[in-house]
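In what follows, a single structure is set out as structure tokens and then discussed.
Laboratory data are not the source of any read-out in this text; all were calculated from the coordinates shown. Computed from a predicted model, the values in this text were never measured in an experiment. Backbone-built Cβ (ideal geometry, glycine too); neighbour counts: all protein chains shown.
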Amino acid sequence: MTVTRFLRRLVQIGLGLILLWVGAVFWLGLLYWAVPPVSTLMLGRWMTLQPVERDYVGLEEISPHLPLAVMTSEDSRFCGHNGVDWVELREVVEAADEDGPSRGASTIPMQTAKNLFLWPSRSYIRKGMEVPVALYLDLIWSKRRMMENYLNIAEWGEGIFGAEAAARHYFRKPAKNLTQREAALLATALPNPIVRNPGRPSSRHRALAGRLAARMSRQAPYTDCLKS
């Protein structure tokens, strides 16, 4: 096989894999309207015979403190954007230096896209792939469904996925009984769930949760999209 033929074959395989991934995103996005979604991290643990704690529950079975805490912490314009917060994204890009952005601009739909269809490590390629998937998911899902799916696939510790498993593991109660403080501890653990333990928070973690709880009341009027 000549080098030209080899390269052509390599391009064909690459395009085929891309089309296969696009098809998977399209059909799984529709399927996850009706069935509980499965994240790539969960799949990876099952494939390596590692345990997974996850009990899917509807948003009505989760304390309203938790979606409010997550929105306040990670995506304050969740109800107003179409999957990507272009205002926040532009600010992050404009503030970036030669070392790259100092912070992320991921919305809840973008994080859901990453958890369901991409990989966890940071890269510009992955971030670029997040955007169209987030736009697609926001188009086909309601905001309420988006939040429900996100809270059921978010990782809250080694092998602990979803609000129900996290609430029972750390606080020995169902997710619907979480207090404002407990919700704030869970939300502030999300950026680093393997290190931050909501059940035994460090002083820094407690301080972050306290500041978040103080901000939650100001965010509350902007959660109407979760009611429909």
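Taking amide H as placed 1.01 Å from N in the peptide plane, the amide H of residue 53 sits under 5 Å from that of 160, 161, each at least 5 places away or on another chain. For the residue pairs 127/176; 127/227; 114/143, alpha carbon separations beyond 21 Å are given by 127/176; 127/227.
Computed from the C-beta positions of residue 192 and residue 142 and an R0 of 22 Å, the FRET efficiency is 0.15 to the nearest 0.05. Between (i) 18.0; (ii) 12.4; (iii) 15.1, which entry matches mean projected area of the Cα convex hull in nm² as derived from the coordinates of this structure? It is the value labelled (iii). Within the chain, helices built from complete DSSP H runs that reach 27 Å or longer along their own axis (Cα positions) and carry a mean Kyte-Doolittle hydropathy of -1.0 or higher are 3-31. Residue separation of residue 169 and residue 86 scaled by 0.36 nm, minus their Cα-Cα distance, works out to 26.3 nm of gained length. Net length available on complete extension from residue 76 to residue 30 is 14.0 nm, with 0.36 nm assigned per residue and the Cα-Cα distance removed.
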